[in-house]
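The values are calculated or read from the model by the stated rules, or taken from the named source; none is laboratory data. Note that the structure is predicted; figures quoted are calculated from it, not measured. Virtual Cβ from ideal backbone geometry, glycine too; neighbours counted across all protein chains shown. Remember, those area values only see protein heavy atoms, side chains included, never the ligands or the DNA or RNA. Shrake-Rupley method; radii C 1.70, N 1.55, O 1.52, S 1.80 Å.
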Amino acid sequence: MKRALVVFALGALARHKARSLALGGGLVFAVALVAAVMFLTESLRAEAERAHAAQPDIVVQKMVGGRPTTIQASEREKLTDILSVRAVTSRVWGYVFVPALQGNVTVASAPAGATALSVANGVLAEGRDVTQGAHEMIAGAELAKSFGMMLGDELALSDASVHAHPLKLVGTFRSSLDLWTADVLIVDEEDARALLDMPADSATDLAVSLANPDEARVVAQTIGERIAGARIIERDLLARVYHLAYGRRAGLVLGALIPAILALLVLAWDRASGVGPHERKEIAVLKAVGWSTSDVLWAKLFESVLVGAGATALGLLAGYAWVFWFGAFGLRPALVGWSVLYPHAALTPAVDAAQLLGIGLSVLGPFVLLSIVPAWRAATTDPLESMRT
Amino acid sequence: MMSRNLLVAWLLVVSPVFVIVGLLVDARMRRAARAEEAESIALLACRLPTSDLALSGSARWLRAVSLEEPGAAFADGPATPDPDPAGGAMAPPSEVWAGVARQASFVVVKGSR
């Protein structure tokens, strides 16, 4: 009997096409929007944490007047004898604003003795690593494209320090690493100091690596005691930064979408709860030929399940395709951020079964439950009265 | 006829399961492809000042959210509009920038490889 009711419900959906489309379309749109925001947020968190492990255990910055400033390279000596500290490196990096690009270029120095970057190890798309003292650079694919540069070309940034030497492009990063390198220039330390106008006895910050990363909190306290005005950033806390940063953005976007989603759900509710004269007559005829209230109730519930399940499936698919197959057009600038030197690399999904089931059930469950009221109202209609009206 | 309709109905009911399984398979394949780049990412990350994603290069205080001060907004150029008036949440209207005089601030010398 239930099978016949399921078939009847499908037929009823086909007979009331406009109502079914309004209901299903609204649900598809709402599910796709919420799913896309969640997929994108989780993907960004996962990408940010992917390179997290390779970062130093502790970064030490210097604060003067409440603002970050350069740190004296000699401060490094105060940290080397702390137990558990394996190495302390003075890092030279910073930003050069390029008005023509309306963006900052992130200049980072290549430490001497670091593992060479190459096409073979998958970091570079073409070219080779910089040679110390040769005034060379590696640029992100997006940055090189914006400058219109090819390998062998030289770049002189007039907004950088007057001491900066023109830099020859000897390599570009793979475009799949764009999320980290879109605006990055890697040069040797001497060129970085010249570009950023940083004296030889200064550094942007100190990178501390530990023999036992679990001791980061204790070492951070010791560093705070030894360097006055130090701002100490522990690696383990950065995961929380990413979680908050992307969670806040997702919350903002979802908050902005609430009126649209509510409008769609109100429309869907209105269409679901309103029993038109044609449908009222149909139910009256069914009850007149012997259908019980329970049969009508089941048929109406099956209608809701069919619409809800189909719309949830389509909405999940649309949200996923929007973000990972079509690059989240329209949504990416709102959720991810905005920049001229914008990474276009595809995002990697970080969704799991629990998340997908959660989105699906959070829509399908309330929708089916809410449809009980209109279904009950339709099922308890007096057939004689319905036929008369 | 009835059996075909029944099949369509059941397909609709179980369609979320099919979609979820399909998406999980696709996501797993994409993650596996990305995992092959793990070594490259680790090598690259050693050279970068931060593992923060390069999503807001137009604003120093948003470029490296873990190392900078996300709340300290200020324009990058004298008398230029704030490039992230909504704190990076959305782009400014592009016509605002049309009024900003662009100057040639870099020189590219074409050379051989």
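Annotations for the structure displayed:
- Residue in the stretch A:313-323 that is at the interface with chain B (Cβ under 8 Å from one of its Cβ atoms), touching a residue at least 24 places away in the same chain (Cβ under 8 Å) and not in a helix (DSSP H, G or I) present: no
- Total residues in the stretch A:105-119, condition under 19 Å from A:Val184 (Cα atoms) and open to solvent by 10 Å² or more (accessible area, probe 1.4 Å): 8
- Total residues in the stretch A:161-188 satisfying the condition of being more than 9 Å from chain B (Cβ to nearest Cβ), small (Gly, Ala, Ser) and open to solvent by 10 Å² or more (accessible area, probe 1.4 Å): the figure is 3.
- Exactly one residue out of A:Leu356, A:Leu384, A:Leu370 is among the hydrophobic types (A, V, I, L, M, F, W, C) and open to solvent by less than 70 Å² (accessible area, probe 1.4 Å), and it is A:Leu356.
- Scanning the stretch A:324-368 for residues that are without any contact (Cβ under 8 Å) to a residue 24 or more places away in the chain, in a helix (DSSP H, G or I) and under 18 Å from A:Tyr246 (Cα atoms) turns up just one, A:Pro333.
- Residues being at the interface with another protein chain (Cβ under 9 Å from one of its Cβ atoms) and open to solvent by less than 20 Å² (accessible area, probe 1.4 Å) - total across the stretch A:332-346: 6
- Filter pass, B:Leu7 being more than 18 Å from A:Gln355 (Cβ to Cβ), at the interface with another protein chain (Cβ under 7 Å from one of its Cβ atoms) and in a helix (DSSP H, G or I): no
- Subset of the stretch A:311-331 that is open to solvent by 20 Å² or more (accessible area, probe 1.4 Å) and either at pLDDT 90 or above or in contact with a helix residue (DSSP H, G or I) (Cβ under 8 Å, 6 or more places away or on another chain) (or both) - its residue that is nearest to A:Ser20 (Cα to Cα): A:Leu314
- Residue that is surrounded by the fewest Cβ atoms within 10 Å (Cβ to Cβ) [pool: residues in the stretch A:286-310 that are touching a residue at least 40 places away in the same chain (Cβ under 8 Å) and among the β-branched types (Val, Ile, Thr)]: A:Thr293
- Pairs where the first residue, in the stretch A:134-154, is closer than 20 Å to B:Leu48 by Cα and the second is open to solvent by 20 Å² or more (accessible area, probe 1.4 Å) and aromatic (Phe, Trp, Tyr), C-beta under 8 Å, 6+ apart: A:Glu142/A:Tyr342
Residue-wise test of (1) over 19 Å from the mean Cα position of the chain (by Cα); (2) modelled with pLDDT of 60 or more; (3) open to solvent by 10 Å² or more (accessible area, probe 1.4 Å).
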{"position": "B:Ala33", "(1), (2), (3)": "no, yes, yes"}
{"position": "B:Arg47", "(1), (2), (3)": "yes, yes, yes"}
{"position": "B:Asp52", "(1), (2), (3)": "no, yes, no"}
{"position": "B:Gly99", "(1), (2), (3)": "yes, no, yes"}
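- Filter result for the condition that a residue is surrounded by fewer than 16 Cβ atoms within 10 Å (Cβ to Cβ) and within 27 Å of A:Val123 (Cα to Cα), over A:Asp191, A:Asp205, A:Asp236: A:Asp236
- Check on A:Thr106, among the hydroxyl-bearing types (Ser, Thr, Tyr) and at pLDDT 90 or above: yes
- A single entry from B:Ser56, B:Ser94 fulfils the requirement of being hydroxyl-bearing (Ser, Thr, Tyr), at negative phi and either open to solvent by less than 30 Å² (accessible area, probe 1.4 Å) or at pLDDT 75 or above (or both): B:Ser56.
- Filter pass, A:Ser158 being within 9 Å of chain B (Cβ to nearest Cβ) and crowded, with 22+ Cβ neighbours inside 10 Å: no
- In summary, A:Leu27 fulfils each of the numbered conditions (1) buried (at least 18 other Cβ atoms within 10 Å of the Cβ); (2) part of a strand (DSSP E or B) with the single exception of condition (2).
- You will find that of A:Phe39, A:Phe97, the residue that is touching a Phe, Trp or Tyr at 6+ places or on another chain (Cβ under 7 Å) and of a type in the set (Phe, Trp, Tyr) is A:Phe39 and no other.
- Positions within the stretch A:196-248 being in a loop (DSSP other than H, G, I, E, B) and within 14 Å of chain B (Cβ to nearest Cβ), in sequence order: A:Met198, A:Thr204
- Condition met for A:Gly337 (modelled with pLDDT of 85 or more and either farther than 20 Å from A:Leu257 by Cα or not aliphatic (A, V, I, L, M) (or both)): no
- From A:Gln102, A:Gln132, residue being surrounded by fewer than 22 Cβ atoms within 10 Å (Cβ to Cβ) and farther than 28 Å from B:Ser56 by Cβ: A:Gln132
- Residue identified as modelled with pLDDT of 65 or more, more than 7 Å from chain A (Cβ to nearest Cβ) and surrounded by fewer than 18 Cβ atoms within 10 Å (Cβ to Cβ) among B:Ala73, B:Ala42, B:Ala38: B:Ala38
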